[in-house]
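The values are calculated or read from the model by the stated rules, or taken from the named source; none is laboratory data. Every value quoted in this text rests on a predicted model; they were computed, and no experiment measured them. Cβ sites come from the backbone with ideal geometry, for glycine too, and all protein chains shown count toward neighbours.
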Amino acid sequence: MNRQTRRSQRRSKQFDPNELMQRAQAAITRRDWEPAIKAYRRVVRILPDFAPAWSDLGALYLATGKSEQAEQALQRAILLDPTSPDTLSNMANLDRQSGNKTRAEEHYRKVLTLEPDRANAWHELARLKRFEISDPDVTEIRKLLKSDKLDDAGRMHALFALSKALDDIGDYDKAFVHLHEANEFRYKQIKYDIGRHEKFVDQLIDTFNPNFVDAIRDGGFLNSRIVFVLGMPRSGTSLVEQILASHNQVFGAGERTELEQVIREVWSNFPSPPDNQSAQLFQKVGKFYVQRMSKLGKARQLITDKLPQNFLYLGVIALAMPDARIIHCRRSPLDTCLSCYGLYFPYGQSFSYNLSDIGKYYCLYRRLFDHWDKLFGDQILEVSYEEVVAEPEREARRMVEFCGLEWEPQCLNFQSTRRIVATASASQVREPIYDRSIGRWRPYQKHLSALIEALGTYADI
């Protein structure tokens with residue numbers, strides 16, 4: 001045994017991976033991926049046979065769009081522990097986001113063979129498939145809910161799964177009962193404060209007033225290469241990005257958190273007016289953000305960032321990167337809001353578990369966007385989800401032209417484009433254009449009074 005091997009063994013014996021992994025989990029909660037990845041890399045470097053760390057590292061790579069590294073890490077984890085439900089579940093998530101629905105289902109069912117009571121696996125499987133009447137999976141989910149084997153979180157996942165199944169088969173009243181119960185649990189857990197968000201929006205509007213904008217408008221970082229696809233969650237942002245990412249000059253980066261991170265670093269008191277109101281601050285934001293994003297799509301002319309909530313930072317985007325393309329996705333308010341209510345979001349979207357909060361959040365979004373439109377309307381392309389469904393080629397051509405690109409027919413064959421889609425729409429964007437999501441709120445209308453009241457004039461009844 002050489003000296004280096006002995007040193008490595010001593011380090012392994014003294015090293016406690018749990019503390020480092022706990023710190024990594026705290027970073028994951030903040031969606032601060034790089035520190036978490038570095039932590040797990042250190043763990044597997046010191047403990048190369050520690051399967052749970054390889055599995056978690058694979059999940060992190062997947063969250064950041066690094067599919068090749070994700071598969072390598074997960075394959076290593078499976079080699080070390082082929083019966084780990086966590087690893088198999090992570091591999092299933094990779095398959096789903098890569099568009100391999102068949103293999104994803106196989107992996108989820110392996111998980112459920114090992115742990116039949118694993119409710120989050122039932123939830124993921126339900127999101128992946130479409131149920132039919134007399135589907136045996138519905139029976140199994142119902143049995144699980146009637147058992148005493150679930151904790152509160154497990155019950156929530158099982159309720160979301162059953163609601164999705166009943167929606168597929170058209171039993172809307174029962175679907176809503178289960179959906180409401182699932183959301184009630186999540187709502188109590190996160191304790192969202194819509195009033196705090198309203199104050200945030202008020203401050204944004206106060207800070208980005210016409211005088212402030214006019215004083216800085218000529219600054220910013222040029223040659224940004226970025227296409228921002230933003231709007232309310234569940235408004236068609238994944239579909240728009242998939243269409244654009246099918247172009248050979250566009251890299252679809254998915255939902256990125258780099259912009260918010262850079263803003264926090266450079267503008268410490270955001271959204272209050274910065275101490276330095278010169279264009280230098282916005283130059284910094286644009287430069288730092290573009291540098292980080294450019295590492296993702298080096299060979300492509302353009303890179304998309306489709307984090308929907310970037311609409312909150314549109315003022316920063318327009319001033320920091322004046323040549324960035326901004327695509328604003330809109331969808332029927334009631335369809336948008338119900339779709340938010342119908343999903344579990346592991347990160348963010350804390351407003352989406354209460355119908356009244358969703359409606360109020362939507363109104364604040366519209367109020368803020370009306371403000372952005374007055375200031376930066378000439379930098380924004382508005383795209384309607386319903387119009388994309390009705391006239392896909394016309395709308396796709398309009399988006400491609402807005403991005404300054406030549407038309408490519410592949411943009412209409414977007415469902416065949418192979419890339420990681422790490423959003424709730426990962427399965428939907430693998431299908432050709434369909435219209436079954438238009439008017440989805442109507443079968444649920446009698447259950448939506450709180451939402452309709454909160455939306456006020458925006459309710460499209």
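Odds and ends about this structure:
- Looking at 312, 319, just one residue is at pLDDT 95 or above, among the hydrophobic types (A, V, I, L, M, F, W, C) and within 24 Å of residue 193 (Cβ to Cβ), and that residue is 312.
- The numbered conditions (1) more than 28 Å from residue 82 (Cβ to Cβ); (2) at pLDDT below 95 are all true for residue 155 except (2).
- Flag if residue 357 is farther than 24 Å from residue 180 by Cα, among the charged types (D, E, K, R) and either surrounded by fewer than 18 Cβ atoms within 10 Å (Cβ to Cβ) or out of contact with any Leu (no Cβ under 6 Å at 6 or more places or on another chain) (or both): no
- Against the conditions (1) modelled with pLDDT under 85; (2) surrounded by 15 or more Cβ atoms within 10 Å (Cβ to Cβ); (3) among the charged types (D, E, K, R), residue 16 satisfies every one except (2).
- For region 184-218, a tally of residues being touching a Ser or Thr at 6+ places or on another chain (Cβ under 7 Å) and either polar (S, T, N, Q) or at pLDDT 95 or above (or both) returns 2.
- Count of region 176-193 residues, restricted to those that are farther than 22 Å from residue 446 by Cα and among the aliphatic types (A, V, I, L, M), is 1.
- Qualifying residue in region 316-325 (condition: closer than 30 Å to residue 177 by Cβ and under 22 Å from the mean Cα position of the chain (by Cα)): no
- One residue alone among 28, 37, 46 is under 21 Å from residue 307 (Cα atoms), more than 18 Å from the chain's Cα centre (by Cα) and not basic (Lys, Arg), and that residue is 37.
- Any pair with Cβ under 7 angstrom, 6 or more apart, that starts in region 128-146 at a residue that is farther than 13 Å from residue 170 by Cβ and ends at one that is of a type in the set (Asp, Glu): 128/105; 129/105; 144/117
- Selection within region 19-65 - at pLDDT 80 or above and polar (S, T, N, Q): 55, 64
Here's the yes/no breakdown for (1) part of a helix (DSSP H, G or I); (2) of a type in the set (Val, Ile, Thr):
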site	(1), (2)
234	no, no
243	yes, yes
259	yes, no
265	yes, no
268	no, no
271	no, no
274	no, no
285	yes, yes
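- Boolean, residue 384 is within 23 Å of residue 174 (Cα to Cα), assigned by TED's automatic domain parsing to the domain that holds residue 227 and modelled with pLDDT of 95 or more: no
- Residues satisfying the stated conditions in region 326-338, i.e. crowded, with 22+ Cβ neighbours inside 10 Å and within 26 Å of residue 258 (Cβ to Cβ): 326, 327, 328, 329, 331, 336
Conditions tested, residue by residue: (1) over 29 Å from residue 415 (Cα atoms); (2) touching an Asp or Glu at 6+ places or on another chain (Cβ under 8 Å); (3) buried (at least 24 other Cβ atoms within 10 Å of the Cβ); (4) hydroxyl-bearing (Ser, Thr, Tyr).
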residue: 245; (1), (2), (3), (4): no, no, yes, no
residue: 259; (1), (2), (3), (4): no, yes, yes, no
residue: 263; (1), (2), (3), (4): yes, no, no, no
residue: 267; (1), (2), (3), (4): yes, no, no, no
residue: 280; (1), (2), (3), (4): yes, no, no, no
residue: 291; (1), (2), (3), (4): yes, no, no, no
residue: 306; (1), (2), (3), (4): no, yes, yes, no
residue: 311; (1), (2), (3), (4): no, no, no, no
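- Any hit, region 190-201, residues being crowded, with 23+ Cβ neighbours inside 10 Å, in contact with a helix residue (DSSP H, G or I) (Cβ under 9 Å, 6 or more places away or on another chain) and more than 15 Å from residue 326 (Cα to Cα): no
- Any hit, region 219-227, residues being modelled with pLDDT of 90 or more and among the polar types (S, T, N, Q): no
- Residue list for region 211-242, restricted to those being β-branched (Val, Ile, Thr) and farther than 20 Å from residue 433 by Cα: 213, 216, 226, 227
- In this structure, residue 208 qualifies as in the same structural domain as residue 383 (by TED's automatic domain parsing) and touching a Leu at 6+ places or on another chain (Cβ under 8 Å).
- Whichever residue in region 376-417 is among the aliphatic types (A, V, I, L, M) and under 23 Å from residue 101 (Cβ atoms) and, among such residues, is surrounded by the fewest Cβ atoms within 10 Å (Cβ to Cβ): 412
- Filter result (of a type in the set (A, V, I, L, M, F, W, C) and either in contact with a Cys (Cβ under 7 Å, 6 or more places away or on another chain) or part of a helix (DSSP H, G or I) (or both)) within region 446-461: 450, 451, 452, 454, 455
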